[in-house]
């Protein structure tokens, strides 16, 4: 079963090298697809050193970028992560056994911080999302640590490009009727805390909570979006 890892990237020259090297070190070989989302720095140049495919998407936004990379991917399974993330060497390997069950359509795991000073905050976010999933309020899933069958993505039409915040949770709303999702609590991806550093943990938490409430009550998240942090 071929796995493609898709990575959206906008001006990530300071981060993407480490992420791509961690993907090349996976215990299970994978296809790496990077979408350069109209970067103005050397992101595409760095991506070409490691990636099997580098596609260009001029329309700005994470949903556009993910969709372009997913469509270019050849794998039966599409793993998703961020350009400022680091993945463990057995990240893909630990997901694979669950897809032997045809009822499983996606697996996901928690996202923690690469910076010690923000680790408690990220663990709080992970616990919060786990609770809202258990209570069936919404799907608190991060597309920094997610793997989905490509056949399901083809069926639902990928990410909604009108959504710029909580696009991952909206995708889960679209796919969940087609099968089961599996959460692996110990398959952890680490990411940069730069958004928390720029906007503050309180604001990020409030913005996400408001979006989740809208998603539950109105079946949409509105016009909120994250600002670029580069």
Review point. Once the piece of chain linking residue 59 and residue 25 is laid out straight, how much longer is it, given 0.36 nm per residue of separation minus the C-alpha distance between them?
Key: 9.2 nm
Point to revise | Relative packing of peptides 176-187, 40-51 - highest average C-beta neighbours within 10 Å first | key: 40-51, 176-187
**Study point:** Förster radius 41 Å - calculated FRET efficiency between residue 18 and residue 177, Cβ distance, rounded to 0.05
**Key:** 0.65
Exercise for review: Round to the nearest 0.05 the FRET efficiency obtained for residue 185 and residue 71 when R0 = 22 Å and r is the Cβ-Cβ distance.
Suggested key: 0.10
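Taken together, the values in this text are just the output of simple stated rules run on the coordinates, not laboratory data. Predicted model only: the values in this text are computed from it and were never measured. Positions of Cβ are generated from backbone atoms using ideal geometry, with glycine treated the same way; all protein chains shown enter the neighbour counts.
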